[in-house]
Every structure is written in structure tokens, then in C-alpha cells.
Amino acid sequence: MTETSILTVETGGEGFIDITADVRRFARQSKIQNGVIFLFIRHTSASLTIQENADPNVLRDLMTALKGFAPANANYRHNSEGPDDMPAHIKTMLTNVTLHVPVIGGELALGTWQAIYAIEHRARPHRREIVMQALA
């Protein structure tokens, strides 16, 4: 069994967007009992991650770390889409464009403090698409 849906996420610019509830809703609607939810973000300047959802400072510190790995003013050759574009590509390469989450007994098998996030790496708002597939 395979179910597919596209999740559209409106971002407010750089940052983490919690999509756990959307993925959970998709898993329940698919009626998958045991299997996996596969996620794929269709962009090269945004990504996906599973991270802590308890302390918001974790997400702030992660964003700070990503900025350190890919600073905005590093004299990149690719700059036709703005100074934040090439750093966004690097941050995407360092994170994930795909995730998979096990489903057990009809529920996402996330840990107590885990949430699923889309990460916007560009400074301005974007509309991002995430392909979700339930595989049983």
C-alpha cells in the first residue's frame, strides 16, 4: 500500500517550521498501521530534520551553528539570487532533503522530545512543497 500527498508549507523566512502535526494527520488519514512515512522536500535551499521540540533554544543554537558553517558574506560565485542563496544551498547539503519515520500501531514512532521540522534557509518567506508517502 502506498499513499501520497503534497504538504505546502508557508515559511516566514529563515527558521524551523514544525510539521509534525501535518505528518501525523497524513499518517492517520492513510490508515497505515505498520510501515514508514517518507518525506521529501522539493527544494535546494530548504531542508528537513528531526530535532528536539522541548527547548526552543536548541533550534536557535542549531540556526546559529548553520550560519557558522555557511556564512552569508563568504564571496561565493553563485550570488545571482541574493547573498543568502548560496549559504542556503550549503545548509541544505549539510542537513537532509529526505526523512523517513516509522509507523507502529498507526502512530509515528517519534521519541518523546522529537518533532519533524522543515528548515527554511532563505531570508525571505517562501512556499515549500514536501512530498509525503505512506508505505506499508
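The values are calculated or read from the model by the stated rules, or taken from the named source; none is laboratory data. Values in this document were obtained by computation on a predicted structure and should not be read as measured data. Backbone-built Cβ (ideal geometry, glycine too); neighbour counts: all protein chains shown.
Starting from segment 107-136, keep only residues that are of a type in the set (Asp, Glu), then list their pairs with residues that are assigned to a loop (DSSP other than H, G, I, E, B) whose Cβ atoms are within a distance under 6 Å, requiring at least 6 positions of separation or different chains.
That search, which allows pairs on different chains as well, returns Glu120/Thr11; Glu120/Glu14; Glu129/Arg42.
Would you be able to tell me the number of residues in segment 93-111 that are of a type in the set (A, V, I, L, M) and part of a loop (DSSP other than H, G, I, E, B)?
3
What are the residues in segment 16-32 that are aliphatic (A, V, I, L, M), buried (at least 16 other Cβ atoms within 10 Å of the Cβ) and under 14 Å from Tyr117 (Cα atoms), if any?
Of everything in segment 16-32, those that are aliphatic (A, V, I, L, M), buried (at least 16 other Cβ atoms within 10 Å of the Cβ) and under 14 Å from Tyr117 (Cα atoms) turn out to be Ile17, Ile19, Val23.
List pairs: first in segment 7-27 and closer than 14 Å to Arg127 by Cα and aromatic (Phe, Trp, Tyr), second modelled with pLDDT under 95 and crowded, with 16+ Cβ neighbours inside 10 Å, Cβ under 7 Å, 6+ apart or cross-chain?
none
One line per residue, one yes/no per condition, for (1) in contact with a helix residue (DSSP H, G or I) (Cβ under 6 Å, 6 or more places away or on another chain); (2) not aliphatic (A, V, I, L, M):
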{"residue": "Ser5", "(1), (2)": "yes, yes"}
{"residue": "Gly13", "(1), (2)": "no, yes"}
{"residue": "Asp18", "(1), (2)": "no, yes"}
{"residue": "Arg25", "(1), (2)": "no, yes"}
{"residue": "Val36", "(1), (2)": "no, no"}
{"residue": "Ile50", "(1), (2)": "no, no"}
{"residue": "Asn57", "(1), (2)": "no, yes"}
{"residue": "Leu62", "(1), (2)": "no, no"}
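Looking for whichever is over 17 Å from the mean Cα position of the chain (by Cα), modelled with pLDDT of 95 or more, at positive phi and not aromatic (Phe, Trp, Tyr) here; the options are Gly68, Gly106. Which one fits?
Numbers: Gly68 fails: at positive phi.
Residue meeting the stated conditions: Gly106.
Checking Gly35 against (1) more than 17 Å from His126 (Cβ to Cβ); (2) surrounded by fewer than 17 Cβ atoms within 10 Å (Cβ to Cβ); (3) of a type outside the set (D, E, K, R): exactly one of these is not met. Which one?
The failed condition is (2).
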